[in-house]
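*Asks:* Before we start, here is the structure in question, set down as structure tokens.
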Amino acid sequence: MSRSRIVIVGAGFAGYQAARTLSRTLRGAVEIVLVNPNDYFLYLPLLPEVASGVLEPRRVSVSLAGTLPRVRLVLGEVDGIDFDQRRLQYVDPEGRSGELAYDRLLLTVGSVNKLLPIPGVAEHAHGFRGMPEALYLRDHINRQIALAAASEDAEEAAARRTFVVVGAGYTGTEVAAHGQMFAESLARQHSWYEHGRQEHGRQEPPDEREGHEAAGARDGKERRTRWMLLDIAPRVLPELDERLSETAHEVLDKRGVEVRTGTSVKEATSEGVLLDNGDFVPTRSLIWCVGVRPDPLVKDLGLETQQGRIVVDEYLRVPGRPEVMACGDAAAVPDLTRPGEITPMTAQHAVRQGKTAGRNLAASFGKGASRPYKHHDLGFMVDLGGVKAAANPLRVPLSGPLANVVTRAYHLAAMPGNRVRVLADWALDAVLPRQAAQLGLVRSWSVPLESSSPEVARVPTH
């Protein structure tokens, strides 16, 4: 007699935690199948450190096969589900189609970059939701700094040294903070050449020199690159306590990052971005961090949705489909701590929802009892690069080196693997300069902003 089968779609925070909980609870009594495009779990909170050269890519990529015993991994992207027949269809990395039958199904398909109807953004901006985008940004910053140093045109050089980040939430703030330090480190490595060029007659445009001097006046350091962080909200990190927002703003300001709140992009072109206040910023770098939306698969399933997310009850079950559950960013999970609302799309909720889903799925096979999902936020942490951070663990506001220690300790505790390797990279970064080396593995066209699978780089079709 064949074993019953649980199929989990997606190995993000929710899917990974559900699979691990089921593996430990059922211990082989039920077949557990995990369908995911990649063979690793990506620890997204540390992705800005990959893009900025602090961590190597594999440090935040935790092997699924190596950390999930008794779980069968199927590489592929699900493109259809027949709920009546209890079967799903998927496409593997080589383009072959496959099918899987299930007795229980858990949907944790996650989210993708949020798009806005702004002319030129889809063509010229790049998001930050997956490893390919992080590797592209790392190479792109390297490339722009090198091209700026070699350029004979001062205006072109200034544009290449200008980086615009849209969205001052967690991701955008961390990308701007880490990216600015990375770009400055690279620019310093080219500075001897730049200095020699200027002595022989090439000068920066007056407006750029003035901007750099103004930006650097707060801490006495000359700025070689220009970073801008834009958001329509009245402050950075608008979802956090105002004290954390003020801390992050102060750190960015001291580093010369131009924080423009109440501002957004009106149009993007290959030469730069037009802001809604009429300013045009020459740049070759538009980094889109305005938020996320549920995976496009959700709208094709025919299930009831709320705010684009699958409707579930407090036990994470899909109404009318007792064998189907959903959680994480793709699910509208009722927030029992705030009646009438649904939980926000955060890793903190996804991790705990995944564990609850795993326990409830195990309970459906007689292992334990089902329980509703209920979680009070434990606080938030934002890594601002170097020894700076802003955090409020258990609602206690922290800043500076202490917040940085707490933030890094939290990430190490939350990671399901690779802790020693991450620690080693942090230690090396503290004593060695950043490496200015372009790998050239991910090109611009392979990481379009409008993608249903930001975790997979696009490949040419023949």
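*Asks:* Give me Asp335, Asp425, Asp377, Asp231 ranked fewest to most by other Cβ atoms within 10 Å of their Cβ, as a rough exposure proxy.
*Replies:* Starting with the residue having the fewest Cβ neighbours, the order is Asp377, Asp335, Asp425, Asp231.
*Asks:* Kindly provide the helix-only [θ] at 222 nm of the chain, computed as the sum of -39,500 (n - 2.57) over DSSP H runs of four or more divided by all residues, to the nearest 500 deg cm²/dmol?
*Replies:* One gets -10000 deg cm²/dmol as the mean residue ellipticity at 222 nm.
*Asks:* If you don't mind, another one. Once phi is turned into ³J(HN,Hα) by the Karplus curve 6.51 cos²θ - 1.76 cosθ + 1.60 with θ = phi - 60°, what whole-Hz value does each residue of segment 169-179 show in order, with x for glycine and proline?
*Replies:* Computed from phi, the couplings for segment 169-179 are x, 3, 5, x, 5, 5, 4, 5, 5, 6, x Hz.
*Asks:* Quick one: 3J(HN,Hα) in Hz for segment 6-19, Karplus 6.51/-1.76/1.60 with θ = phi - 60°, rounded, Gly and Pro as x.
*Replies:* Whole-Hz 3J(HN,Hα) from phi for segment 6-19: 9, 10, 10, 9, x, 10, x, 4, 5, x, 5, 5, 5, 4.
*Asks:* Okay, next question. Cut-off under 19 Å on the C-alpha distance; same-chain residues fewer than 8 positions from Lys355 excluded. Which lysines are left, in chain and number order?
*Replies:* Lys367, Lys374
*Asks:* Under 20 Å Cα-Cα from Lys299, which aspartates and glutamates qualify once same-chain neighbours fewer than 8 residues away are excluded?
*Replies:* Glu77, Asp79, Asp82, Asp84, Asp313, Glu323, Asp329, Glu450, Glu455
*Asks:* Cross-link candidates for Lys254: which lysines have Cα within less than 27 Å, leaving aside residues fewer than 8 places away along the same chain?
*Replies:* Cross-link targets: Lys221, Lys388.
*Asks:* Given Cα pairs under 8 Å that are at least 6 residues apart, what percent is the relative contact order of the chain?
*Replies:* Rounded, it is 21 percent for the chain.
*Asks:* Next up: Return the long-range amide H neighbours of Gly80 (sequence gap of 5 or more, or a different chain), with a cut-off of under 5 Å between placed amide H atoms.
*Replies:* Gln89
*Asks:* Hey, another quick one. Can you work out ³J(HN,Hα) from phi for every residue in segment 270-280, in order, using Karplus 6.51 cos²θ - 1.76 cosθ + 1.60 and θ = phi - 60°, giving whole Hz and x for Gly and Pro?
*Replies:* 5, 9, x, 10, 9, 8, 6, 8, x, 6, 10
*Asks:* Rounded to the nearest 20 Debye, what is the dipole magnitude of the chain about its Cα centre when Lys and Arg each give +1 and Asp and Glu each give -1 at the C-beta?
*Replies:* I would put it at about 2060 debye.
*Asks:* Could you line up Leu428, Leu275 from fewest to most neighbouring Cβ atoms inside 10 Å?
*Replies:* Ordered by Cβ neighbours within 10 Å, fewest first: Leu428, Leu275.
*Asks:* Amide H of Phe163 versus every other amide H placed in the peptide plane: which residues, excluding those fewer than 5 positions away on the same chain, fall under 5 Å?
*Replies:* Close amide H contacts, sequence-distant or interchain: Arg226, Trp227, Met228.
*Asks:* Counting only residues 5 or more places away or on other chains, whose amide H sits under 5 Å from the amide H of Gly272 once H atoms are built in the peptide plane?
*Replies:* Thr283
*Asks:* Still on this structure: Where in segment 22-125 are there GluC sites (Glu not before Pro) that are in a DSSP coil and have at most 11 other Cβ atoms within 10 angstrom of their Cβ?
*Replies:* Listed in order of number, the matching sites are Glu94.
*Asks:* Another question, then. On the first, second and third principal axes, largest extent first, how far apart are the outermost C-alpha atoms of the chain in Å?
*Replies:* Largest first, the chain extends 82, 56, 42 Å along its Cα principal axes.
Every number in this text was worked out from the coordinates using simple rules, so none of it is lab data. Just so you know, these numbers come straight off a predicted model, no measurement behind them. Using ideal geometry, Cβ is built from the backbone for each residue, glycine included, and neighbour counts are taken over all protein chains shown.
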